[in-house]
């Protein structure tokens, strides 16, 4: 786990090394860093992230600071799961990603997922009875998992033991980051 000042707030962003929607990783990272959080960016292999724009065009490379296996729930104020179809589809099959999202839920720590990112919560059985949003193509998966899908820029569900913050697309990043900020205040 990354060393940090014991007084500094910490956030965790998890993603794969390829296929992450650039703005869905960078906007929350910049927002959290601007709010004084030490942000750990973890990937399954610890490799830097080759982002994409609109799931097809190359985006900037984002440095990873850890592997998923080397991070844990303790000490983080929020878990952020960015989208990107390739990223989310791979991440939901990763045992360490599932361990982390389930651990954050069990600890009562907020989970924020955007676009295709909520697939990880679906795979971890965390959406039953919850209201959330996502990229529209996930609506059936969310409904089949017992969740209620809404077509809104951001959905915040704090009815269970943890807060679930979800959003649809990069167009909703302002509302998404604002919702994260409100629940960390």
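The values are calculated or read from the model by the stated rules, or taken from the named source; none is laboratory data. Bear in mind the structure is a predicted one, so any value in this text is a computation, not a measurement. Methodologically, a virtual Cβ is constructed for each residue, glycine included, from the backbone with ideal geometry; neighbour enumeration extends over all protein chains shown.
Tabulated data for the structure shown
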item	result
Members of region 135-170 found to be surrounded by 15 or more Cβ atoms within 10 Å (Cβ to Cβ), under 17 Å from residue 105 (Cβ atoms) and without any contact (Cβ under 8 Å) to a residue 40 or more places away in the chain, listed by number	142, 145, 147, 155, 156, 157
Strands (runs of 3 or more DSSP E) contained entirely in region 32-75, each with at least 1 residues that are within 25 Å of residue 183 (Cα to Cα)	37-43
Residue match in region 76-83 (condition: surrounded by fewer than 22 Cβ atoms within 10 Å (Cβ to Cβ), in a loop (DSSP other than H, G, I, E, B) and in contact with a helix residue (DSSP H, G or I) (Cβ under 8 Å, 6 or more places away or on another chain))	yes
Evaluation of residue 50 against (1) in contact (Cβ under 8 Å) with a residue 40 or more places away in the chain; (2) closer than 18 Å to residue 24 by Cα (one fails), failing number	(1)
Test set (1) buried (at least 19 other Cβ atoms within 10 Å of the Cβ); (2) touching a helix residue (DSSP H, G or I) at 6+ places or on another chain (Cβ under 7 Å); (3) in a strand (DSSP E or B) - residue 12 fails condition number	(2)
Complete set of residues in region 56-77 that are farther than 27 Å from residue 107 by Cα and either free of Cβ contacts under 8 Å to residues at least 24 places away in the same chain or out of contact with any strand residue (DSSP E or B) (no Cβ under 7 Å at 6 or more places or on another chain) (or both)	56, 57, 58, 61, 63
Exclusive hit being over 15 Å from residue 24 (Cβ atoms) and not in a helix (DSSP H, G or I), set 155, 113	155
Test for residue 25: is it touching a residue at least 40 places away in the same chain (Cβ under 8 Å), more than 18 Å from residue 135 (Cβ to Cβ) and either within 13 Å of the chain's Cα centre (by Cα) or surrounded by fewer than 16 Cβ atoms within 10 Å (Cβ to Cβ) (or both)	no
Test: residue in region 111-119 that is within 13 Å of the chain's Cα centre (by Cα), at pLDDT 95 or above, more than 21 Å from residue 171 (Cα to Cα) and buried (at least 22 other Cβ atoms within 10 Å of the Cβ)	no
Residue list for region 97-110, restricted to those being part of a helix (DSSP H, G or I), surrounded by fewer than 17 Cβ atoms within 10 Å (Cβ to Cβ) and either in contact with a helix residue (DSSP H, G or I) (Cβ under 7 Å, 6 or more places away or on another chain) or in contact (Cβ under 8 Å) with a residue 40 or more places away in the chain (or both)	106, 107
Conditions (1) within 19 Å of residue 28 (Cα to Cα); (2) without any contact (Cβ under 8 Å) to a residue 60 or more places away in the chain; (3) under 14 Å from the mean Cα position of the chain (by Cα); number of the one not met by residue 80	(2)
Condition check for residue 32: modelled with pLDDT of 95 or more, in contact with a strand residue (DSSP E or B) (Cβ under 9 Å, 6 or more places away or on another chain), surrounded by 15 or more Cβ atoms within 10 Å (Cβ to Cβ) and over 17 Å from residue 97 (Cβ atoms)	yes
